[in-house]
Amino acid sequence: MDSTNAGSLREYNWQSIYESQPSEDVSYLIDEFYVPALERSNRYDRIAGYFDSGSLAAAANGIEAFVENDGTMRLVVGAQLQPKDRPVLEAIADDLKDSLEELDDEELDARLQLLAWLLREDRLEIKIAVPKQGEWGIFHPKLGIFHDGDDTISFEGSINETAGGWTRNYERFKVHRSWEDGQADYVNGDQDSFRRLWQDDHEFVDVYDLPDALREEIIDWKAPDTKTKIHTVVEQLQSPDEPTAADKGRILADGAQAPGGLQLAEEASTIDPWPHQRVVSDTAVNTYPNSFLLCDEVGLGKTIEVGLTLSRLGLTGELENSLVLAPASLVVQWQEELWEKFNITAYRYERGSDYDYAFIDPFGEEHPVPGSADLDIDADRRDEAWTSSPLWRFVHTRCEESGPTVVIMSWHTARLTDRWDQVAPADDGVPRRRADIPVGCRGRETEGREGVWDAVVVDESHNARKGSNFYNILDRLRDHTHCYYLLTATPMQLHHSELYDLLTLLDIPEEWDNRDKFVEFFETRQALSSVLTGGLDLSGRSPSSKTSQATLEGSFQDRFNKSPEYADLVLEGLVDELGLEDEGRGVAKQRLLQACTLAQGYGQRYSDYREKVDEAIDERIDPFGADEDTKLKRLLYPEPVLDDEMIIASRKDRLDALDELSEDGWKVLEDVFSWATPIDACIHRNTRD
């Protein structure tokens, strides 16, 4: 792409979430995100555990446009050094020299030339980050920020600044835009995180300038002379060959860690998560604070999915605290697994050796419940409701400790009405709710967050039935937590209404927040599927008197004239399937229209809805099909999209559309109804099948 035509960051249609896609040239993330971002930016700030020159080579066209924009790139990357090794930065140079001597491939030479050119022309500056806490091991966050002078986007997820990350690994990351409502805080927090690292002003990380000797050694190794232009180096990189699996073009030594290795939370754990467990955790971390219902079959590792998620959110600074509600018989097991598999020190809140309640750590040591006098807070905060809760007083006294505070409590105890104020304090004093406290701690002060849990995990959540004390405490707790992870192995054994009760705890779209409509949607979806799969016979219908229409090839002669007859049969079939013989087809149409409205509500919450609707239409509907695509858009597009497309969609227009759909049009509705539900968005389910 010509960089002069690339436009600004705001003018590009960024997705909220990117993930690797299968392709012959494994360049999806490069083509769809990395190069477009570089082409529209004049500064790129990056934090990554690993970096290699292959990432620059893979996006060579974008780098060229970036330089034409007078762009500069700043990288803060890890070097896998312990604190005692900090004075010996020459060790990095020695490792690098050994690596360079092994490179004899011309393509890899060209990568190093590109890196050398960027360094020599002051387009690229690199700094090395080392955790101050020795037990943390390596520096491993992954964050990027693109600026165009007016607007900013940031991305964060699993991806390193390596060729393997951008091309060969399965990676996933989320994107925030400074101009979108509700996203500016995330962008500002990301910029603040980078600033503190770049200025070596981070509480937990030491940051060093790349030694001059290291930089000069790179530049002297087959570097183009200073008169060489950037496009000359880029031309040398235009080759169909992919980097080797060992990623030999790595510039900064990673030690024994290969690019694309397990994330820091996995390195700190004692287990190797299964792929499905990692996918669930990736989704939860990258979409935090979205809530989920985790429904893997027994034995497939829901505890591991949650433990990995809490560990990663804690290490990235999103979580300051978390509450785990488990059956009384599983409290100790939860504590042991979090400690033994993820090095998470969780505290059980239960009766101690003297029968008084205490917080018991994984080693059996009992920590007494802090009293109100132990709270180091200003007088004007002492009337806040959380100060009467033993759980929150304990969390408060640990706010200076490293890492989040995780409390485990039996939900058999928490559901007792006299304990509700301990878990979700709201009765005595001034309550604090999630609207009062920003989501996520990263880039923010960690003080003053008491009263609202950053995440609440509920095991065996299917026991929370509407009207029970267990459900009531979860319903009350919803206002006092940013994120729910509800665990159950039996969601499909629940009736739709019971499943709805659990999903309402997860902030489902407003249009779905009605039990009757929720249940009727799934009844209507099942009825429509039964009618369409059962086969409809038009042979007994008289042909339409309207003139037959055909496509340019003449291959659709009576297809659309039969649509009204087909719609009649579908609606009659729905009347029978739904037991609406007394009400008639008018009520069946109302049910269908309501299902479409709920699908639209889903679409207003989730950014990929319109694209998936368009794909369903394009796959089945002939472009010459009597405006059938417009009829389907009237039924399925959310109101803002209809306004943007200048499509008029009154209630009468939508009801008329149902009377005129062809067989393929009805199948589009069936397709969209099959996935446009909160169940697909909020539930993760893995089985052994």
- Just need a number here: residues in segment 152-193 that are without any contact (Cβ under 8 Å) to a residue 24 or more places away in the chain and either out of contact with any strand residue (DSSP E or B) (no Cβ under 8 Å at 6 or more places or on another chain) or of a type outside the set (S, T, N, Q) (or both). 5
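Given the structure, is SER389 among the hydroxyl-bearing types (Ser, Thr, Tyr) and either in the same structural domain as TYR186 (by TED's automatic domain parsing) or surrounded by fewer than 18 Cβ atoms within 10 Å (Cβ to Cβ) (or both)? So that I can check it myself, show each step before the final result.
Details: among the hydroxyl-bearing types (Ser, Thr, Tyr): yes; either in the same structural domain as TYR186 (by TED's automatic domain parsing) or surrounded by fewer than 18 Cβ atoms within 10 Å (Cβ to Cβ) (or both): no.
Taking the combined requirement at face value, the residue does not satisfy it.
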- Message: For the structure I just gave you, tell me whether SER27 is within 27 Å of TYR609 (Cβ to Cβ), at pLDDT below 80 and crowded, with 16+ Cβ neighbours inside 10 Å.
- Response: yes
- Count - residues of segment 319-348 that are under 15 Å from ALA414 (Cβ atoms) and either of a type in the set (Lys, Arg) or under 31 Å from the mean Cα position of the chain (by Cα) (or both): 11
- Message: I'm trying to understand the selection: among the residues of segment 127-169, which are of a type in the set (A, V, I, L, M, F, W, C), modelled with pLDDT of 80 or more and assigned to a loop (DSSP other than H, G, I, E, B)?
- Response: ILE159
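Restricting to segment 604-634, what's the tally of residues that are hydroxyl-bearing (Ser, Thr, Tyr), within 21 Å of ASP507 (Cα to Cα) and surrounded by 15 or more Cβ atoms within 10 Å (Cβ to Cβ)? Can you show your working first?
Just the residues of segment 604-634 that are hydroxyl-bearing (Ser, Thr, Tyr), to begin with: 606-607, 609, 630.
With the extra rule that they be within 21 Å of ASP507 (Cα to Cα), the set shrinks to 606-607, 609.
Filter once more, keeping what is surrounded by 15 or more Cβ atoms within 10 Å (Cβ to Cβ): 606, 609.
Qualifying residue count for the region: 2.
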- Item | Subset of segment 416-433 (residues that are of a type outside the set (A, V, I, L, M, F, W, C) and either at positive phi or not in a loop (DSSP other than H, G, I, E, B) (or both)) | THR417, ASP418, ARG419, ASP421, GLN422, GLY429
- Is it true that some residue in segment 34-51 is at pLDDT below 75, closer than 23 Å to VAL279 by Cβ and of a type in the set (A, V, I, L, M)? no
- Task: Taking the residues in segment 255-285 that are modelled with pLDDT of 85 or more and touching a Lys or Arg at 6+ places or on another chain (Cβ under 7 Å) as candidates, determine which candidate is farthest from ASP185 (Cα to Cα).
- Result: SER281
- Message: Please go through (1) within 16 Å of PRO404 (Cα to Cα); (2) in a helix (DSSP H, G or I); (3) free of Cβ contacts under 8 Å to residues at least 60 places away in the same chain for PHE359 and return the number of the only condition it doesn't satisfy.
- Response: (2)
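Is one or more of the residues making up segment 621-630 free of Cβ contacts under 8 Å to residues at least 60 places away in the same chain and part of a helix (DSSP H, G or I)?
To start, the set of residues in segment 621-630 that are free of Cβ contacts under 8 Å to residues at least 60 places away in the same chain comprises 621, 623, 627, 629-630.
Still in the running and part of a helix (DSSP H, G or I): 629-630.
The answer is yes; a qualifying residue exists.
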- Task: Residue by residue through segment 586-603, note down the ones that are surrounded by fewer than 18 Cβ atoms within 10 Å (Cβ to Cβ) and more than 13 Å from PHE521 (Cα to Cα).
- Result: GLY586, VAL587
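Confirm whether PHE194 is among the aromatic types (Phe, Trp, Tyr), modelled with pLDDT of 50 or more and in contact with a Pro (Cβ under 7 Å, 6 or more places away or on another chain).
Values: among the aromatic types (Phe, Trp, Tyr): yes; modelled with pLDDT of 50 or more: yes; in contact with a Pro (Cβ under 7 Å, 6 or more places away or on another chain): no.
In short, no.
Picking from ASP475, ASP418, which residue would you name as being in the same structural domain as TRP386 (by TED's automatic domain parsing) and under 26 Å from the mean Cα position of the chain (by Cα)? Spell out how you get there, then give the answer.
Values: ASP418 fails: under 26 Å from the mean Cα position of the chain (by Cα).
Of the residues listed, the single one that is in the same structural domain as TRP386 (by TED's automatic domain parsing) and under 26 Å from the mean Cα position of the chain (by Cα) is ASP475.
The values are calculated or read from the model by the stated rules, or taken from the named source; none is laboratory data. For clarity, every value in this text was computed on a predicted model and none was experimentally measured. Methodologically, a virtual Cβ is constructed for each residue, glycine included, from the backbone with ideal geometry; neighbour enumeration extends over all protein chains shown.
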